[in-house]
């Protein structure tokens, strides 16, 4: 095929070779091969008898989602893999995926209830000691929450 010959536009449902996928996404082919080895659940191209990879439309969507998470959002591959497993490719492509969108943690709920108790009006002078214990508990829980959040961020990265 000569270089001057115009390229034929493929339909959105057509399979793409690794070179076509790379040029469509603006990536190098070795990056796509590497992501394929790391995201085996989401990127599963069909391999022909001669060993060439043919990327399905859902593979290209997964690669686009990975590209958004890694190149635009700044996630590590491990963090992107966890987010894709938790929220899925469609959520990332739609812009609905959020970091740390898991269910509220028990520590956060406990901290909230202690803060509410702390804010309650205490009329009793005997309860002053209770208020101090609640303040100490709140400080301890806030510190614990900060440490847990740091560990979660480190694991996601």
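The residue that is surrounded by the most Cβ atoms within 10 Å (Cβ to Cβ), counting only those in region 33-52 that are within 18 Å of the chain's Cα centre (by Cα) and in a loop (DSSP other than H, G, I, E, B), is 43.
Under the condition of being exposed (fewer than 11 other Cβ atoms within 10 Å of the Cβ), at pLDDT below 70 and outside any loop (DSSP other than H, G, I, E, B), the residues counted in region 109-157 number 3.
Residues in region 49-64 that are modelled with pLDDT of 90 or more and farther than 16 Å from residue 23 by Cα: 49, 50, 52, 58.
The values are calculated or read from the model by the stated rules, or taken from the named source; none is laboratory data. The shown structure was predicted, so the numbers you read here are calculated from the model rather than taken from an experiment. Virtual Cβ from ideal backbone geometry, glycine too; neighbours counted across all protein chains shown.
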